[in-house]
1. Return yes when Ile356 is part of a strand (DSSP E or B), in contact with a Cys (Cβ under 8 Å, 6 or more places away or on another chain) and not aromatic (Phe, Trp, Tyr) and no when it is not.
2. Can you confirm whether segment 443-454 contains a residue that is over 24 Å from the mean Cα position of the chain (by Cα), aromatic (Phe, Trp, Tyr) and closer than 26 Å to Ser398 by Cα?
3. Consider segment 170-229. How many of its residues are hydroxyl-bearing (Ser, Thr, Tyr) and assigned to a loop (DSSP other than H, G, I, E, B)?
4. Looking at this structure, is Lys642 touching a helix residue (DSSP H, G or I) at 6+ places or on another chain (Cβ under 6 Å), within 28 Å of Gly502 (Cβ to Cβ), basic (Lys, Arg) and open to solvent by less than 20 Å² (accessible area, probe 1.4 Å)?
5. Could you list all residues from segment 41-86 that are free of Cβ contacts under 8 Å to residues at least 12 places away in the same chain, over 30 Å from Ala210 (Cβ atoms) and acidic (Asp, Glu)?
6. Limited to segment 487-536, what total is found for residues that are in a helix (DSSP H, G or I), open to solvent by 30 Å² or more (accessible area, probe 1.4 Å) and more than 20 Å from Asn605 (Cα to Cα)?
7. Sort out which residues of segment 645-657 are closer than 19 Å to Lys54 by Cα, touching a helix residue (DSSP H, G or I) at 6+ places or on another chain (Cβ under 7 Å) and outside any strand (DSSP E or B), and write them in order of number.
8. So which of Ser188, Ser150 ends up being surrounded by 16 or more Cβ atoms within 10 Å (Cβ to Cβ), closer than 28 Å to Lys583 by Cα and at pLDDT 95 or above?
Amino acid sequence: MKLYLITIFSLLSFSVFSQSFPVTKSDTKTISKFGITFQDNYTWLENMKSEETKSWTNAQNEVTNLHFEAIKKDYDIVNKIKDYNNYSSNGLPTKKEAYYYSKYIKDKDKPSCLFYRKDLNDESVELFNPFKIYKNTNAVLMDYSPSKNSKYVACKVSLDGSDRNEIRFVAIEKIKELNDLVSNVKFSKMEWNQDDGIFYKQNSNINNFAKDSTYQLYYHKLGTSQKTDKLIFDATKTRNSFNYFTKNDRLFIIEYDKHTDSKNYYYALLNDENYKLEKFIDADDFQFTFLYYNNNNIYFSKKDNDWGEIRSFNISNRAEEKVLIPQIYNNLLVDSFFLEGYIFCKYKTIGKNYVIAYDTNGTFIRKIDSPDGTDFEIKFFDSKNKCLYISVFSKTISPQNFKLNIETGEVNHYYNNYLVPKISLFPLDHFITKSISYKSRDGKDVPITIIYKKGTVLNGNNPTLLEAYGGFGIVSQLDYDPALLYFLEKGGVYAFAAIRGGGERGLKWHKEGMGLKKKNTFNDFIDAAEYLIKEKYTSPEKLAVSGASNGGLVVGVAMTQRPELFKVVIPEVGVFDMINFDKYTVGNYHLNEFGNPENKQDFENLLSYSPYHNIKENVNYPTTLIITSENDDRAVPMHSYKFAARLQNRDAQKNPIYLKTLDNSGHNGKISNYNDYFEEKANFYDFILYHLNK
């Protein structure tokens with residue numbers, strides 16, 4: 001404690017004359033691999049739970065928090081964005097099995113609670129309150145799943161932000177918590193066998209940051225101890241990952257062979273208490289995506305159809321397949337929903353999202369468009385009135401609820417006693433949203449969404465925030481953000497680039513940004529920044545960039561390759577030490593995405609862009625705020641620790657490098673309660689506005 005206080009005191013004294021860099025120990029280790037030798041001075045920070053590391057991160061937080069307090073003299077937007085949020089409209093509840101479910105905040109300093117309604121217009125009833133059970137403000141309800149006949153609901157809870165959770169159960173009619181407790185659950189759905197029990201994945205890690213060991217599928221029967229749970233599937237020896245779900249009378253398991261990239265498909269009958277697995281497809285090389293099962297038919301899409309399609313075959317005859325819904329070129333099939341005798345397909349193009357209703361034979365029924373610049377979520381279908389209920393939103397428009405009549409095509413706003421009309425915060429044309437594309441350096445059309453306040457003069461002098469994700473084939477969704485409204489109101493420009501590595505333009509778009517082609521992802525992002533500067537949206541002195549998770553890697557690479565392009569950089573929960581990413585938690589599952597550091601060609605490619613290893617001693621990098629979480633067991637915090645340490649401890653670094661480690665949080669950040677969530681949102685935009693307007 002004494003050493004820690006001395007460090008803080010010297011640190012604060014130092015900050016009067018220069019930057020607020022905590023003193024960081026340099027412990028040089030020489031590393032040699034594949035004939036390449038280099039030094040690493042901060043391997044000691046890989047011991048993330050040590051007292052030495054904790055003291056160092058505490059000192060870093062002290063400096064960062066003091067800076068946030070100083071910024072608040074000029075910018076303090078938390079109350080304003082809370083006002084924006086309070087006046088925003090709410091989306092529809094989610095229907096699961098028989099009832100409608102919503103999560104509501106009762107106390108702004110405590111986690112949200114699960115409520116349900118039997119009818120859409122009923123008053124909501126509290127069903128599960130994590131704080132009442134745990135007396136812990138960090139106990140967050142991550143997911144919930146009602147049983148087949150809506151007799152029980154399983155609730156998955158994270159206690160400290162970690163991906164390792166536990167499951168509790170509630171009897172819905174009595175609103176009574178059961179005694180059952182299932183712990184050490186990770187990356188797991190809660191798939192019911194009727195109303196009798198659930199299938200779940202169990203994690204066996206002793207150290208949360210060690211390589212992940214979630215290789216076992218168990219069945220928990222209600223009213224029994226977890227100690228007696230039945231092991232259904234075990235991939236411990238092969239270390240293959242797998243997925244699973246229940247549908248009708250069967251449990252399905254899809255096993256991914258990590259060596260051959262093929263899949264094995266199994267099923268077990270739910271009425272067989274032994275759950276004997278039958279393999280119905282062996283070493284599938286077609287790489288199809290399993291979508292749905294009904295009446296002995298498997299519905300799927302093939303990976304050689306880039307934009308997405310739907311086919312089917314009978315489970316007893318794999319050879320005879322038929323195309324139900326062919327792909328629509330340049331229109332991405334984002335998701336499909338098999339509901340009450342219909343197939344609803346959500347499609348995405350640049351700036352446009354729409355839904356097409358088909359019958360179960362693939363016959364076209366109706367297409368309904370979402371307004372330009374908006375996205376939507378399909379919530380549920382009511383077979384009685386033939387209406388599909390959706391929530392429409394954008395970055396600047398809070399959820400607006402509609403019901404779409406599939407038979408007539410009629411579209412109407414939906415309101416009821418608790419979803420009441422609200423006066424919009426701004427006129428619908430208050431903000432301009434452009435959905436366009438720019439040319440990458442190798443001639444690809446990369447989609448980019450640009451948003452700014454109507455009347456903003458685009459003279460190259462606008463504070464601008466550029467974001468991206470660009471990984472794992474994920475199709476990014478631009479969710480409503482009340483905090484962004486303040487930034488735009490202050491003359492800011494927001495841009496999101498759908499760079500390669502993501503899935504916004506189909507399967508090939510992902511493949512062109514993975515493995516040995518991962519550099520396309522980073523090049524696309526840098527090209528987006530240059531496009532915004534060239535087109536006078538902003539300038540290097542007015543440009544901030546941010547990204548989370550894989551997006552954190554993207555901005556980490558961009559700032560180390562082209563530091564002169566950016567004024568402010570905010571990487572969140574990123575991966576920066578790319579030659580060691582596979583040693584921790586889920587990294588071993590990401591070898592296809594990034595490459596294998598144990599392979600010479602992959603190692604050399606990873607080292608060529610790894611942000612941590614490409615920091616140059618003679619470069620003054622942009623003002624940077626690195627954000628991580630102490631319990632992040634997906635992108636472990638050592639990446640952020642080492643990246644911050646090396647950036648700070650160089651004579652050439654004159655711009656400040658701040659590190660913020662969120663306590664009692666994981667990969668999703670501060671989400672446990674309303675006040676903490678918006679405080680962090682405010683810090684983010686306060687920081688950007690302060691430094692871009694200096």
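The values are calculated or read from the model by the stated rules, or taken from the named source; none is laboratory data. Treat the numbers as computed from the prediction; the structure is a model and nothing was measured. Cβ sites come from the backbone with ideal geometry, for glycine too, and all protein chains shown count toward neighbours. Each accessible area value is taken on the protein alone, full model and side chains, heavy atoms only, with ligands, DNA and RNA left out. Shrake-Rupley method; radii C 1.70, N 1.55, O 1.52, S 1.80 Å.
1. yes
2. Step one: of segment 443-454, the residues over 24 Å from the mean Cα position of the chain (by Cα) are 443-445, 452-454.
From the residues that got through so far, the ones that are aromatic (Phe, Trp, Tyr) too are 452.
From the residues that got through so far, the ones that are closer than 26 Å to Ser398 by Cα too are 452.
Scanning segment 443-454 turns up at least one residue that is over 24 Å from the mean Cα position of the chain (by Cα), aromatic (Phe, Trp, Tyr) and closer than 26 Å to Ser398 by Cα.
3. Of the residues in segment 170-229, the ones hydroxyl-bearing (Ser, Thr, Tyr) are 183, 188, 200, 204, 213-215, 218-219, 224-225, 228.
If we keep only those that are assigned to a loop (DSSP other than H, G, I, E, B) as well, we get 188, 204, 213-215, 224-225.
Going through segment 170-229 one residue at a time, the tally reaches 7.
4. Numbers: touching a helix residue (DSSP H, G or I) at 6+ places or on another chain (Cβ under 6 Å): yes; within 28 Å of Gly502 (Cβ to Cβ): yes; basic (Lys, Arg): yes; open to solvent by less than 20 Å² (accessible area, probe 1.4 Å): yes.
So Lys642 passes the test.
5. Glu69, Asp83
6. The qualifying residues number 7.
7. Those that are closer than 19 Å to Lys54 by Cα, touching a helix residue (DSSP H, G or I) at 6+ places or on another chain (Cβ under 7 Å) and outside any strand (DSSP E or B): Ala645, Arg646.
8. On the way: Ser150 fails: closer than 28 Å to Lys583 by Cα.
Result: Ser188 is the single residue among Ser188, Ser150 that is surrounded by 16 or more Cβ atoms within 10 Å (Cβ to Cβ), closer than 28 Å to Lys583 by Cα and at pLDDT 95 or above.
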